[in-house]
1. For the chain, build the charge dipole from Cβ charges (+1 Lys, Arg; -1 Asp, Glu) around the Cα centre, then report which of ASN155, THR219, SER373 sits farthest towards its positive end.
2. Mean-square fluctuation check for the chain, GNM, Cα pairs under 10 Å: which of ILE300, ILE70, ILE17 is largest?
3. For CYS191, CYS240, what ranking results if the residue with the fewest other Cβ atoms within 10 Å of its Cβ goes first?
4. Can you list residues whose amide H is under 5 Å from GLY344's amide H, if they're 5+ apart or on another chain and H is modeled 1.01 Å from N?
5. Got the relative contact order for region 1-132 handy, in percent, Cα pairs under 8 Å and 6 or more residues apart?
6. Mind checking which aspartates and glutamates have their Cα closer than 20 Å to the Cα of LYS281? Skip sequence neighbours fewer than 8 apart in that chain.
7. Nearest 20 debye, what's the magnitude of the dipole of region 1-57 about its Cα centre given +1 on Lys and Arg Cβ and -1 on Asp and Glu Cβ?
8. Report, in debye and to the nearest 20, how large the dipole of region 262-367 comes out about its Cα centre when Lys and Arg carry +1 and Asp and Glu carry -1 on their Cβ.
Amino acid sequence: MNYRLLKQEIIEYSREIGIDKIGFASAAPFTELKDRLLRQQELGYQSGFEEKDINKRVDPSLIFDEPRSIIAIALAYPSKMKETVKGRKGERRGIFCRASWGEDYHTILRDRLGKLEAFIAAKVPDARFRSMVDTGELSDRAVAERAGIGWSGKNSSIITPEFGSYVYLGEMITNLPFEPDHPIENRCGTCTKCLDACPTGALVQGGQLNSKRCIAFLTQTKDFMPVEFREKLGNRLYGCDTCQTVCPENKGMNFHLHEEMEPEPETVKPLLEPLLQMGNKEFKQRFGYMSGSWRGKKPIQRNAIIALAHFKEEEALPSLIDVLHNDVRPVLRGTAAWAIAKIGGEKARQALVLAISEEKDMEVKEEIERGISSMK
């Protein structure tokens, strides 16, 4: 088998099926990554969404029998909407991050990887594969960096010369010995714009992220959001784009190459108040196809409540008071109490005073008490 020729055929086919960039890497263990992951674990910087076994994250041979190489792919997603909607007083809107626009990227990349697998298998019947997108054991960024897709930026994202960091990543381990490509030289230089702009200081230093402080992580949690981060949230419902939007390498990067990635403005910038009473069925119908819905409606609704406080949206007080008195979920009642206090006014104070006499949950009571105290 002429693997050099096959590699070229794979590259050409990848373009035909809508893969924007492809690279090849060795399947050797990611030894340097292991040290960084261990350090992250020691510092408590991991999100908890990762594969727990660090050895599996850095050694392809532990998850695939006799790996010979890894194929990495990248697909570019848009950074701007072709048409948008604007919020205003009485009709405030939240925002989903760009990586959640359009169809769930896991579905899109798995489709492309599946087509690649079928193409290679038709050429080499005894070929074996293990494809992953985001939720696999390996680090997508480490594979992409080794395969020459891009360099690992100070914002902890892969930055490509062609598309900036607005790319989805996936990879395929195989038993075929493809010649590896070369990594790209890091171009971040002395720039620290992403570190300086991070709302919560989650970027500890270039390339090191404290996930527990990252807004993208915080928007996906289901419990009470720590008070210190609530006012940093703004109107974000899912994810955070700040470290990407300030990056000079992303200036002018806006690619509309895949129809399934196009955002529906009313969905990615939804009205906040209607979210508070949305049922599971309606939530799934409206948002279920997006990656930003994977944690369900509760985090989105909690974040919507915080966003209404961010806007000091007095028109939303009746809806927030309804959540405070009637929602069965303590996290939403308590967050509503915080938001009501932030919006302020006599109506808000009276609602909190009434609620504290009715509330049984201690965490919610504490939120109400703090809210009342902050209004004195």
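The numbers here are math on the coordinates, done by the rules we state, and not lab data. Please read all numbers here as calculations on a predicted model, not as lab measurements. Quick reminder, even Gly has a Cβ in these numbers, built from the backbone with ideal geometry, and neighbours come from all protein chains shown.
1. SER373
2. Most flexible of the set in this elastic network: ILE17.
3. Details: CYS191 16, CYS240 24.
By the 10 Å Cβ count, ascending: CYS191, CYS240.
4. none
5. Numbers: 87 pairs, mean separation 38.9, N = 132.
Normalised by residue count, the contact order of region 1-132 is 29 percent.
6. GLU103, ASP104, GLU264, GLU266, GLU273, ASP327
7. 140 debye
8. Magnitude of the dipole: close to 320 debye.
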